[in-house]
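Each remark here refers to the structure printed beneath this line.
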Amino acid sequence: TDVWEDETRAFAKEKRVPIIHCQCPACEDKGMQRKMVKALLNKLERKHPGIKTSILSAAEHFHGAVQA
């Protein structure tokens, strides 16, 4: 089962578990590819609910086809 970051954050907040943020100086760089992709996926999810799950499912199918 896959868990999205927002679900993990909500669970941590509900259980009062502190979130320890990355201490790497590069993590704060707003131009980093990871942050750009994350923002894009969130924008797509707002416009097309369920798209992140669909993308993940497609990637798993592709990976399975390549492994066969």
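Taken over segment 50-66, residues that are open to solvent by 60 Å² or more (accessible area, probe 1.4 Å), modelled with pLDDT under 90 and of a type in the set (S, T, N, Q) amount to 1.
Every test in (1) at pLDDT 85 or above; (2) outside any helix (DSSP H, G or I) is passed by LYS30 save one, and that test is (1).
The C-beta contact set for segment 2-13 (first residue farther than 15 Å from LEU41 by Cα, second residue open to solvent by 90 Å² or more (accessible area, probe 1.4 Å), distance under 9 angstrom, 6+ apart or interchain) comprises PHE11/VAL3; ALA12/PRO18. Close contacts from segment 42-54, counting a first residue that is farther than 12 Å from ASP6 by Cβ and a second that is open to solvent by 50 Å² or more (accessible area, probe 1.4 Å) and not in a helix (DSSP H, G or I), with Cβ to Cβ under 9 Å and a gap of 6+ residues or different chains, come to THR53/ASP2; THR53/TRP4; SER54/HIS48.
The values are calculated or read from the model by the stated rules, or taken from the named source; none is laboratory data. Computed from a predicted model, the values in this text were never measured in an experiment. Because the Cβ atoms are built from the backbone with ideal geometry, glycine has one as well, and the counts that use them run over all protein chains shown. Heavy atoms of the whole protein, side chains included, go into the accessibility calculation; ligands, DNA and RNA do not. Shrake-Rupley method; radii C 1.70, N 1.55, O 1.52, S 1.80 Å.
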